[in-house]
Amino acid sequence: MDTDLIAASVRASSPEIIVIIGACAALMLSLWPHQDQQKYLTWLSLITILLASAQTLQLSPRPVNIVETTYSGMFVVDAFATYFKMLLYLGTALTILMSGKFLQTEEAVKGEYYVLLLFALAGTMIMVSGADLLIIYIGLELQALSIYVLTGFLKTRGRSVEAALKYVILGAFSSGILLYGLSLIYGLTGSTQLGVLNSALATADLSEPMLILATVFLLVGLLFKIGAVPFHMWVPDIYEGAPTPITAYLSVASKTAAFAVLLRVFMGSLIGLEPLWSSGLAAIAVATMALGSLVALVQDNIKRLLAYSSISHVGFLLLGIIAGTTSGMSAILLYLLIYTFMTLGLFAIVILLHRDVRAGEPLTLFSGLAQSHAGLAFMAMIFLFSLAGIPPTGGFFAKFYVLVALIDAGHVTLAVIAVLLSAVAAWFYLRLIMLIYIQPAEPTTGSTAAPATGPTGHARAAILLSAPMRLVLLFSFSGTVLSGIFPAWFLAMARQASLSGLGN
Amino acid sequence: MTPFPILSLVIFLPALAALMLPLVRDDRAIRWFTLTALLLDFALASGLLLAFDSESAAMQFRESYDWVPALGIGYKLGVDGISVLFVFLTALLGWISVLASWSAIQTRVREFMISLLAIQSLMIGVFCALDLFLFYVLWEAMLVPMYLIIGIWGGDNRIYAAFKFFLYTLAGSLLFLIGILVLYFAGGRTFDMLALMGQPYAFPTQAWVFVAFLIAFAVKVPMVPLHTWLPDAHVQAPTAGSIILAGVLLKMGAYGFLRFSLPMLPDASVYFAPLMIALSALAIVYGGLLALAQSDIKKLIAYSSVSHMGFITLGLFTFNMNGLSGAVIQMFNHGITTGALFLFVGLIYERTHSRDIPAYGGLIKVVPLFGIAMAAFLLSSMALPGTNGFVGELLVIAGAFGSTGWAAGAAVVGALIGAAYLLGLYRQMLLGEVRLPEGAKMWDLNAREIACAVPLLVFVFWLGLYPKPVLTLLRATLEQLLAQVIGTGA
C-alpha cells in the first residue's frame, strides 16, 4: 500500500489515536500512588480530550461537503462525524468533570475509571467515523465493554454489580443480533462498506425475505443500543444501578453515538430500504414515547425516572428519522446537542444532592432545594422545563424543529400524537419542580415565618460546589438557555453537519 | 431608519427588573423596586396608547429583526388598536398586582416578585408579537411563572390546581403549535403573521387548523366544556395570581381568535361560527347557573368569568361591527372588573381568612369605603347602565341579534342570571345584619388599597359614561378585521 495513503489514513484518525494514547498514559498514571492522583487523572483526561477536539476541528472538512474516506474506504472524516465527535467530547468531558465528586462520595476513586471512560470515548468516535459495518461494530464493542466495567464500578454495591451483569448479558445479546444482521447483509451484497452497500441495495428486490430479515436484525440491534421500546427493558435497571456519572454518560454519549450509526446506516446507505422499516419505526417511536412518558409517572427513584424520561426522548428523536429528510436529520443532530446540555446539567445536580451512600436517589432528594440553594434550584428548574420542552429553553426548540421536519414530511398525525405524549411527559418534570419549589426539605417550625433569603439557616447542609462542578453547571446551563434564546447558531451547525451525512 | 424600539422597552423592562431583583437586599426594598419598575412600565404603556394613531389600521411602532432566518423566524413586534389596548391593561394590572400582594405575600417575596415581573414581560410580549413563533414562545413560557405563582403561594389545594392549570393549557398549546406549523408550510414557510393573513388556504387546511387553534384558545378563554381548570386555579391562586389570570390570561384566548382564527382562517371561522355561538351561549347560561350555586366568593367570580367570557366569544363570532367591538370592549371590561373583584376578595380574605359568602353580612356598615367600591364593581360586573359592563354587553347582544337571534336571547337570559347571583352576593355580603367570620380583624381601605381601587373605578365609570375614545381606538382595526373575514368568507 502506498505510504502516502497510510499517512493520510493515520492523519485522518489522529483524534482517535490521541484519545487512545491519552488512555494509555492515564493507565500508567493510575499505577502511581499519589494523594492527588485523581486530580492529575482528571486533568490528563481533559487535556487529552481538548487535544483531540483541537485535532478534530483542524481536520474538519472545508468546505463542509467534502467527504474524506481513508483506510481503504473503512473510515470517513466528514462534517457529520466532526459534529458528532465534538458532541462526544462535550459529553465525555462533562462526565469526567462531574465524576470527581461522586467517586469521592462513594469512596471508589480508582484510576481505571478515567482510563475506561477514555476508551469508551475512542469507541464512540470510531462508531461515528466508521464507514464500514465492521469498523462500526468494533467501535461499538470497544465502547460497550468499557461501559460494562464502569457500570459495575461500585464493587461493594449490589445494585451496581447487578446492573453490570444485566448489561453484559443484554448487551452481548443485542450485539449478537446486530452482528447476525451484518453477516446477512454481507451475504446478500458481498460487502460491508457503506458506500458499496448503497449502490448494491439500490436495485435490490425489497420483497426478498433475507433482505427483510437482515434489515430487521440490524435495526433491532441498534434500537437495543438506544433503548427504544420494546428493547428498552435494560435501561431503567442499568440507569439506576450504574454510578450516577456513568448513567449520565449512558444517557448522553453512548446514545449519541448509537444515533450517529443509526443515521449513517439507515438514512445513508440503507435509505433504499426505507419502505421496509419506516412504518415499523413509526410504531416503535410512538410506543417508545408513550411507554417512557407513562411509566415515568409512577417512578420514585430519580435515576429510574430519568431513565424513562430518556426513553421518551428517544421516541421523539426517532421521529426525525421517520421524517426521512435532511431537516429531519439535522433536527436529530440539534436535539442530541441540546439534550446533552440539559441532561448532563440535571445529572450534575443529582450528583451534588446525593450524599448518603446507602439511601440511593429517591425523588425527595430534590425537596426543599429552592429554600436552601436558590441558584441550584433555579438551574434544576430550567433543566426540567427544558426536558419538558417548555420555551424559551433549548428543549423546546429541539422538539420544535423535529416537529417542523415531521410536518414538512407530511406526518401531521404523528406530530399530534407526539405533542400529546410530551404533555404527559411534562407531568413528571413538573412533579420534580413541585418538590424543588414547594415541599420543605425538613419539617420546619413556623413555615410561614421562615424568610427565604439566601442559603442560610436551613436544615440542608450547604452543598459544596467544587470548581469542576461549577464548570459543568455553567456549560450545561448556558447551553440550555442559549440554545433556546439564540437557536440560529446551533441550528446552522446541525444543518451543516447533516447535509454531508446523506451524501455518502 | 430605525425608530426607537419602544415596544421592546415596554416588554423587557419588567424582565430586566426581574434579573436585577436577586441583588436587592430585603423584602421591603424588593416590593418598592418591583412597584417602581411596573409603574415605569405602565407610564410607557400609557405613552404608547397616547401616541397611537387610531386613524390607521396598520401595525404601529413596528420592529423587525431576524431571529432564526433559516426557518423564517423573526423577532417582529407591532401593535394595532386591539393590542395597544391590552398592553395598557396588562401594564395597569401589573402594578396593581404588586400593591395587592404588598402584605398578602410574606414568604419568598423575592421569588414572587420575579415571577410577577416575568409574567408581565411575557404577557405584554404576547400582545405585541407579530411573528407566530415568537408569539408561541411567549404564550407558552407564560405558563411557567403562573404555575409557580399558583403552586407556591396558593391555597391549601394549590398543587392540584397548579398541575391542572399547567397540563390543560400545555395540551391545548401543543395542538396550537401543530396548527401553527401546518399554517407555516401552507403559507410559504414564514412565521410572519401579517404575511400569513389573507392567504387563500384550502378549506380542509383551514378547518383542521381552526380546530387545533380552537382547542388551544378554548382552554385559555375558557369555553365550556374545557373550563374546569379555571375554578380550581382561581380559588387556589393568591390574589395577584387571580387578578392576572382573570384580567389578562383569559383574554389571551379571545385575543387568539381575533388575531389568528378570524383573519387567517376566515372560511373556517364562518363555517364554525354556529358551533362557536352555540358554545358561547352555553357558556353564558351554564356558567351563570354554576355561579348561582356557589357559596365560595372566589368560585362564584370564577364561574361568572366563564359566563362573561361567553359574551366575548359570542361577540367575536357575530361578524358584525357591534358584536366585535362589544367583544373587545368586554375583554377590556372583564379585565378591569373581574380583576377588581378578585382584588376585593383578596382584601377581605386578608382581614377575615374566609371566603364563605354566608359568613358575611352588612359589610358596608363595618367598612364603608370597601363596601361602596365593591358594590360599584359588582354593579359593573352585572352590566348596570352607566358602568363599563353595560356598554360591552349591550353591544354584544345587539351584535348577536344581528346574526343569531336565539343566541342573543340566551345572552339576555345569561345577563339576568348574572344579575341574580351578583345581586345575591351584594345583598348577602354588603347589606343586612352585620355578620363577620370568627377571628376577623376589620379595617377599612388604607391608602395602598385605595390606590389599587381608584384607577379601576375610574375605568368602570369612564367607559360606562363615555366609551367613545376606546371605540375610536378600535374602529379602524376592527373594520379591517371584518373586511378580512367577511370580504373573503362570504
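The values are calculated or read from the model by the stated rules, or taken from the named source; none is laboratory data. Computed from a predicted structure; not experimentally measured. As a convention, Cβ positions derive from the backbone with ideal geometry for all residues, glycine included, and neighbour counts pool all protein chains shown. For the accessible areas, the whole protein counts, side chains as well, though only heavy atoms, and no ligand, DNA or RNA atoms are used. Shrake-Rupley method; radii C 1.70, N 1.55, O 1.52, S 1.80 Å.
Within the bounds of the stretch A:351-365, is there any residue that is facing chain B (nearest Cβ under 8 Å), touching a helix residue (DSSP H, G or I) at 6+ places or on another chain (Cβ under 8 Å) and within 26 Å of A:Ser478 (Cβ to Cβ)? There is no residue in the stretch A:351-365 that is facing chain B (nearest Cβ under 8 Å), touching a helix residue (DSSP H, G or I) at 6+ places or on another chain (Cβ under 8 Å) and within 26 Å of A:Ser478 (Cβ to Cβ). Give me the residue from the stretch A:67-123 that is more than 30 Å from A:Pro33 (Cα to Cα) and β-branched (Val, Ile, Thr) and, out of that set, most open to solvent (accessible area, probe 1.4 Å). Among residues in the stretch A:67-123 that are more than 30 Å from A:Pro33 (Cα to Cα) and β-branched (Val, Ile, Thr), the one most open to solvent (accessible area, probe 1.4 Å) is A:Thr69. Evaluation of B:Leu19 against the conditions (1) more than 14 Å from chain A (Cβ to nearest Cβ); (2) within 27 Å of the chain's Cα centre (by Cα); (3) modelled with pLDDT of 90 or more shows that the sole unmet condition is (1).
Selection of the stretch A:394-418 for residues being farther than 19 Å from B:Ala70 by Cα and either part of a helix (DSSP H, G or I) or more than 10 Å from chain B (Cβ to nearest Cβ) (or both) yields A:His411, A:Val412, A:Thr413, A:Leu414, A:Ala415, A:Val416, A:Ile417, A:Ala418. The residues in the stretch B:433-470 that are open to solvent by 50 Å² or more (accessible area, probe 1.4 Å), aliphatic (A, V, I, L, M) and farther than 20 Å from B:His353 by Cα can be counted, and the count is 5. Considering only residues that are in contact (Cβ under 8 Å) with a residue 24 or more places away in the chain and assigned to a loop (DSSP other than H, G, I, E, B), look in the stretch A:2-47 and name the one that is surrounded by the fewest Cβ atoms within 10 Å (Cβ to Cβ). The selected residue is A:Leu31. Contact map, the stretch A:243-254: first residue within 13 Å of A:Ala164 (Cα to Cα), second residue among the polar types (S, T, N, Q) and assigned to a helix (DSSP H, G or I), Cβ cut-off under 7 Å, separation 6 or more or different chains; pairs are A:Pro243/A:Ser160; A:Ile246/A:Thr151. Taking the stretch B:140-163 as the range and being within 10 Å of chain A (Cβ to nearest Cβ) and farther than 20 Å from B:Ile105 by Cβ as the test, the residues that pass are B:Glu140, B:Ala141, B:Leu143, B:Phe163. Between B:Ala70, B:Ala51, B:Ala45, B:Ala29, the distinction of being of a type outside the set (Asp, Glu) and closer than 29 Å to A:Phe397 by Cα belongs to B:Ala70 only. If only residues of the stretch B:296-319 that are assigned to a helix (DSSP H, G or I) and among the polar types (S, T, N, Q) are counted, the one that is nearest to the chain's Cα centre (by Cα) is B:Ser305. Scanning the stretch B:258-279 for residues that are in contact with a helix residue (DSSP H, G or I) (Cβ under 9 Å, 6 or more places away or on another chain), within 20 Å of B:Ser97 (Cα to Cα), open to solvent by less than 10 Å² (accessible area, probe 1.4 Å) and not polar (S, T, N, Q) turns up nothing.
Can you go through B:Phe185, B:Phe176, B:Phe203, B:Phe166 and tell me which one is surrounded by fewer than 23 Cβ atoms within 10 Å (Cβ to Cβ), at the interface with chain A (Cβ under 10 Å from one of its Cβ atoms) and of a type in the set (Phe, Trp, Tyr)? I'd like the intermediate steps shown before the answer.
Numbers: B:Phe176 fails: surrounded by fewer than 23 Cβ atoms within 10 Å (Cβ to Cβ); B:Phe203 fails: at the interface with chain A (Cβ under 10 Å from one of its Cβ atoms); B:Phe166 fails: surrounded by fewer than 23 Cβ atoms within 10 Å (Cβ to Cβ).
After ruling out the rest, the residue left standing is B:Phe185.
Can you say whether B:Leu93 is touching a residue at least 12 places away in the same chain (Cβ under 8 Å) and within 14 Å of chain A (Cβ to nearest Cβ), as far as the supplied structure shows?
Numbers: touching a residue at least 12 places away in the same chain (Cβ under 8 Å): yes; within 14 Å of chain A (Cβ to nearest Cβ): no.
Taking the combined requirement at face value, the residue does not satisfy it.
Selection of the stretch A:148-160 for residues being open to solvent by less than 70 Å² (accessible area, probe 1.4 Å), part of a helix (DSSP H, G or I) and either touching a helix residue (DSSP H, G or I) at 6+ places or on another chain (Cβ under 7 Å) or at pLDDT 90 or above (or both) yields A:Tyr148, A:Leu150, A:Thr151, A:Ser160.
For the stretch B:40-49, does any single residue satisfy the condition of being among the small types (Gly, Ala, Ser), closer than 30 Å to B:Leu183 by Cβ and open to solvent by 10 Å² or more (accessible area, probe 1.4 Å)? Within the stretch B:40-49, none of the residues are among the small types (Gly, Ala, Ser), closer than 30 Å to B:Leu183 by Cβ and open to solvent by 10 Å² or more (accessible area, probe 1.4 Å).
Residues in the stretch B:22-31 that are more than 11 Å from chain A (Cβ to nearest Cβ) and either crowded, with 19+ Cβ neighbours inside 10 Å or at positive phi (or both): 1 in all. Of the set (1) more than 24 Å from the chain's Cα centre (by Cα); (2) open to solvent by less than 10 Å² (accessible area, probe 1.4 Å); (3) over 22 Å from B:Pro455 (Cβ atoms), all apply to B:Lys365 but (2).
Residues that are among the aliphatic types (A, V, I, L, M) and part of a helix (DSSP H, G or I) within the stretch A:124-139 comprise A:Met125, A:Ile126, A:Met127, A:Val128, A:Leu133, A:Leu134, A:Ile135, A:Ile136, A:Ile138, listed in sequence order. What do you reckon, is B:Phe112 in contact with a Ser or Thr (Cβ under 7 Å, 6 or more places away or on another chain), within 30 Å of B:Thr472 (Cβ to Cβ) and outside any strand (DSSP E or B)? When the stated conditions are applied, B:Phe112 does not pass them.
Tallying residues that are open to solvent by 10 Å² or more (accessible area, probe 1.4 Å) and touching a residue at least 40 places away in the same chain (Cβ under 8 Å) within the stretch B:398-414 yields 7. Close Cβ contacts (under 7 Å, 6 or more residues apart or on different chains) running from residues in the stretch A:374-393 that are within 11 Å of chain B (Cβ to nearest Cβ) to residues that are charged (D, E, K, R) and open to solvent by 10 Å² or more (accessible area, probe 1.4 Å) comprise A:Gly389/A:Lys399. When A:Phe316, A:Phe266 are checked against the criterion of being among the aromatic types (Phe, Trp, Tyr), over 26 Å from A:Glu106 (Cβ atoms) and buried (at least 24 other Cβ atoms within 10 Å of the Cβ), a single residue qualifies: A:Phe316.
Being within 19 Å of the chain's Cα centre (by Cα) and in a helix (DSSP H, G or I) narrows it down to one of B:Ile159, B:Ile180, B:Ile119, B:Ile152, so name that one. Don't jump to the end; show me each part of the working.
On the way: B:Ile159 fails: within 19 Å of the chain's Cα centre (by Cα); B:Ile180 fails: within 19 Å of the chain's Cα centre (by Cα); B:Ile152 fails: within 19 Å of the chain's Cα centre (by Cα).
Just one listed residue meets the conditions, B:Ile119.
Please indicate, with yes or no, whether at least one residue in the stretch A:282-305 is closer than 30 Å to A:Val67 by Cα and not hydroxyl-bearing (Ser, Thr, Tyr). Scanning the stretch A:282-305 turns up no residue that is closer than 30 Å to A:Val67 by Cα and not hydroxyl-bearing (Ser, Thr, Tyr).
Identify all residues within the stretch A:171-193 that are open to solvent by less than 50 Å² (accessible area, probe 1.4 Å) and assigned to a helix (DSSP H, G or I); write none if there are none. Result: A:Gly171, A:Ser174, A:Ser175, A:Gly176, A:Ile177, A:Leu178, A:Gly181, A:Leu182, A:Leu184, A:Ile185, A:Thr189.
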